[in-house]
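The values are calculated or read from the model by the stated rules, or taken from the named source; none is laboratory data. Because the structure is a prediction, the values reported are computed rather than measured. FYI the Cβ positions are ideal-geometry reconstructions off the backbone, even for glycines, and counts take in every protein chain you see. Remember, those area values only see protein heavy atoms, side chains included, never the ligands or the DNA or RNA. Shrake-Rupley method; radii C 1.70, N 1.55, O 1.52, S 1.80 Å.
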Amino acid sequence: MTLSSHVFDPTTLREYDIRGIIGKTLGEEDAYAIGRGFGTRVRRAGGRRVAVGYDGRLSSPALEAALVSGLRDAGCDAVRVGLGPTPMLYYAVYELACDGGIQITGSHNPPDYNGFKMMLGTGPFFGADIRNIGELAAAGDWEQGAGGVETVDLEDRYVERLLKNFDGPAFNLAWDAGNGAAGRIVEKLVAKLPGRHVTLFTEIDGNFPNHHPDPTEEKNLVDLKKAVADHGLDFGIAFDGDGDRIGAIDGKGRVVWGDQLLTILAEPVLQELPGATIIADVKASQALFDHIAARGGTPLMWRTGHSLIKAKMKEVNSPLAGEMSGHIFFAHDYYGFDDALYSAVRLIRAVGKLGGSLTALKDAMPAMVNTPELRFACSEERKFAVVTEVLDRLRAAGAQVNETDGARVNTPDGWWLLRASNTQDVLVARAEAKSQPALDRLVAQIDEQLAASGVERNAIAGH
């Protein structure tokens, strides 16, 4: 395949990645153009080697072949690491001394979606960088060349790296890979871990026949809960479709949410690095920020988005960060990218160091009442304007507002958040309080602000 230029469907060029529906908004010509454009950026930055990986979706192998063709025609050498989780591709960039990397993945989207996550050098590639791929393609402003190709099997080296310096106890655990790209790594990992392990759905299958691979939705954790209960296990761990987001349940089957996992993971890090800055996104519980401060750390609330978090970590030299969505980023003894498999290993170690019971750690957390992530349909053109209108009204009313990412409003009842999604045509809201009546009052404030901007109360279920 050769193209002289290319125009992408505008809906595919997202803030953090390129993503679309196969056969409708995304196909092999797009993959070629992405390879050609990204390869051009690598060449113009003085590089040549690009690692390429892909997830288990049915469309991924064909997209990978077209992407590699585009990279080579831009004069780049493609280093194919094959089928596996996104963090294995990130690891490949470091381990194989590459100048960038691309993972073909639809992440946790439905099976007919696919997409591309990229890193240039060892830094995130997002926002203006992604828009630039579109600009280069439209202008046909591409480098030319005849790059090489090599294939590297990294799985065993990656598993060894996940377990480097492991000193955790022998827990009895359930692992749910959701038929996603992490399945083979999970099987190799548990074979080397102490304890008894029950694995679920580790066969990689792009049809996702058992449940959707998104561990932030409780309905997708039913099988994991059953396995923990049936086998009398200590706790359970789940992964999303491309292995960069983690979910967990305790021994009683209760979900340990992303901010609660970060609470646990932060404690051993702060013991080693007193005063360290720990980052969490604006959707995280106030209890997390309070806990970090109480343990002598420096809590930092930042904008939602894995690329934004990674960039902020480098800026402030943070050893650990996390999002409600289950992205956990370890720069402490690791590379600073979001790796759910490594986070699972660190969770085992942290629970061991903090008394040996995830259930007891969950029990000790302050009782908060909160909403799930509420989502409201709002057009691309309108969603950011609505947030601006809400902020204007809140300022005029003298409200206590954090504007890091949308509007996070503190009141005597607790806090509520309204922000525009960077990846979908939705507004996202969340609220947290210490009692149900207080939470109801906070949600009423969200409703009031939405109504004032003409947005209907039509929450979209789930994440």
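Whether any residue in segment 412-424 is closer than 22 Å to MET365 by Cβ, among the small types (Gly, Ala, Ser) and open to solvent by less than 10 Å² (accessible area, probe 1.4 Å) is what I want to check.
Looking for residues that are closer than 22 Å to MET365 by Cβ, among the small types (Gly, Ala, Ser) and open to solvent by less than 10 Å² (accessible area, probe 1.4 Å), one finds none in segment 412-424, hence no.
Which residue, of GLY253, GLY236, is within 23 Å of PRO372 (Cβ to Cβ) and open to solvent by less than 10 Å² (accessible area, probe 1.4 Å)?
Answer to the selection: GLY236.
Condition (residue is closer than 14 Å to LEU347 by Cβ, of a type in the set (D, E, K, R) and crowded, with 20+ Cβ neighbours inside 10 Å) applied to segment 210-222: is it met by at least one residue?
no
Within the set of pairs 6 or more residues apart or between chains, which connect a residue that is over 14 Å from ALA248 (Cβ atoms) inside segment 324-344 to a residue that is of a type in the set (Val, Ile, Thr) and assigned to a loop (DSSP other than H, G, I, E, B) with Cβ atoms less than 8 Å apart?
TYR335/THR122
Every residue in segment 67-87 that is in contact with an Asp or Glu (Cβ under 6 Å, 6 or more places away or on another chain) and crowded, with 22+ Cβ neighbours inside 10 Å, please.
If the condition is that a residue be in contact with an Asp or Glu (Cβ under 6 Å, 6 or more places away or on another chain) and crowded, with 22+ Cβ neighbours inside 10 Å, then ALA74, VAL79, PRO85, THR86, PRO87 are the ones that fit.
Residues to consider are ALA146, ALA137, ALA170, ALA78; find the one that is assigned to a helix (DSSP H, G or I) and over 24 Å from the mean Cα position of the chain (by Cα).
Going through ALA146, ALA137, ALA170, ALA78 in turn, just one is assigned to a helix (DSSP H, G or I) and over 24 Å from the mean Cα position of the chain (by Cα): ALA137.
From the list LEU173, LEU200, LEU163, LEU193, which one is open to solvent by less than 10 Å² (accessible area, probe 1.4 Å), at pLDDT 95 or above and among the aliphatic types (A, V, I, L, M)?
When all the criteria are applied, what remains is LEU173.
Filter segment 334-390 for residues that are within 30 Å of ILE446 (Cβ to Cβ) and among the basic types (Lys, Arg); which is most open to solvent (accessible area, probe 1.4 Å)?
ARG382
Does any residue of segment 298-307 turn out to be surrounded by fewer than 21 Cβ atoms within 10 Å (Cβ to Cβ), within 25 Å of VAL409 (Cα to Cα) and touching a Gly at 6+ places or on another chain (Cβ under 7 Å)?
yes
Out of all the residues in segment 45-63, which are within 23 Å of the chain's Cα centre (by Cα) and open to solvent by 10 Å² or more (accessible area, probe 1.4 Å)?
Hits for segment 45-63 are TYR54, GLY56, LEU58, SER59, PRO61.
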